[in-house]
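Read through the structure below, which is laid out as structure tokens, and then see the notes.
The values are calculated or read from the model by the stated rules, or taken from the named source; none is laboratory data. Not measured: the values here are computed from a predicted model. Here the Cβ positions follow ideal geometry from the backbone for every residue, glycine too, while neighbour counts run over all protein chains shown. In case anyone asks, the SASA skips ligands and DNA or RNA and just uses the protein heavy atoms, side chains included. Shrake-Rupley method; radii C 1.70, N 1.55, O 1.52, S 1.80 Å.
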Amino acid sequence: MLNHDKQTNSIKSLSMDFDELEKKDAKDILSWSMKKFSPKIAFASSFGAEDVVVIDLMVQIDKKNTRIFTLDTGRLNPETYEVMDRIQKKYQIPIETLFPDHLEVEKMVYENGINLMYQSVSNRKLCCEIRKVHPLKRILGTLDAWVTGLRRDQTFTRANTKKIEIDSSNNDIVKINPLADWTNDMVWDYIKQNGLPYNKLHDAGYPSIGCAPCTRAILSGDDLRSGRWWWENDLHKECGLHWTKK
Ligand code: SF4
């Protein structure tokens, strides 16, 4: 992690680049980021459609410095493990897999049951916190920058996503969203044109894929994130990975 003085300086110097970088395309953004932050930059992948595009771009730019991590919550779909395995074999790169703390999971399940997420929003958030957010914080604490597959038109909570941001929820490290201005069609055109492996659940009506108990297929025309935590009424549905301190 950057120390405070260095970090402040770094952010100041970065701030001069923000507007210019915003005009650049995904490959240039990634190229700039990997040059600037490697080896302390990694891509947070859940192996969704956007993620396979980002991985492909990073490998093209600099395979040696392509770092990918994933959060294995213990509740993922078999199809997610299948595409993860295919990606690893195709690119011959290691995938840093982070698991939740087993003592935290054991206590949570003992006290609330295995499917606590359906009982209340607070229990759902507790599960996300323990299975996703804590492992994420563990790795982000070692990085100067992280890359995501966020796109502005995925949901209104992501509409203001910038290509390069300071992540105020995570020690002000740099957050890079190279596909921020991509559309869903652009993502799928890239996947098809380049023959990339992708999660088979996308063919079954899942545009957004998370944990098995909390994701379901949607109907054509529905909000792309509406299959996540569908039993909750709150429209601001995120798991905590991309919440920003206000
Ligand atoms: S998405 Fe569901 S199963 Fe996964 S961590 Fe969150 S509440 Fe738990």
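Relative to a virtual label point 7 Å from the Cα of ASP62 in the Cα→beta-carbon direction, which members of region 126-164 show backbone nitrogen distances below 20 Å? Residues 140-149, 163-164 qualify, since their backbone N sits under 20 Å from the label point. Placing a pseudo-label 7 Å from each Cα along the Cα-to-Cβ vector at ASP28 and ALA204 gives an inter-label distance of 4.1 nm. Charged side chains reduced to their Cβ positions (Lys and Arg at +1, Asp and Glu at -1) give region 67-153 a dipole of some 280 debye around its Cα centre. Using a cut-off of 24 Å between Cα atoms, the listed pairs LYS107/LYS175; LYS162/LYS192; LYS63/LYS175 include LYS107/LYS175; LYS162/LYS192 as exceeding that distance. For the chain, the carbon plus sulfur part of the accessible surface works out to 53%, probe radius 1.4 Å. Solvent-accessible area per residue in region 4-204 equals 47 Å², computed with a 1.4 angstrom probe and all protein chains kept.
Taking the DSSP beta bridges with both ends in the chain, the antiparallel portion is around 35 percent.
Model label points for VAL109 and ASP85, set 7 angstrom from Cα along the Cα-to-Cβ axis, are 2.2 nm apart. Take every Cα pair under 8 Å whose residues are at least 6 apart in sequence, average their separation, divide by the length of region 4-204, and the relative contact order is 27 percent. Considered as an equivalent ellipsoid built on the Cα gyration tensor, the chain has semi-axes of 27, 22, 18 Å, the largest given first. About its Cα centre, the dipole of region 100-233 is roughly 60 debye, where the only charges are +1 on Lys and Arg Cβ and -1 on Asp and Glu Cβ.
Between amide H atoms placed 1.01 Å from N, distances below 5 Å from ILE173 occur with ASP167, all of them 5 or more places distant or on a separate chain. Farthest towards the positive end of the charge dipole of region 35-75, among the residues ILE41, MET58, LEU71, is the Cα of ILE41, using unit charges on the Cβ of Lys, Arg, Asp and Glu.
Rounded to the nearest 20 debye, the dipole magnitude of region 4-204 is 240 debye, with +1 charges on Lys and Arg beta carbons, -1 on Asp and Glu beta carbons, and the Cα centre as origin. Extents of region 114-246, largest first, come to 37, 36, 25 Å (Cα atoms, principal axes, whole angstrom).
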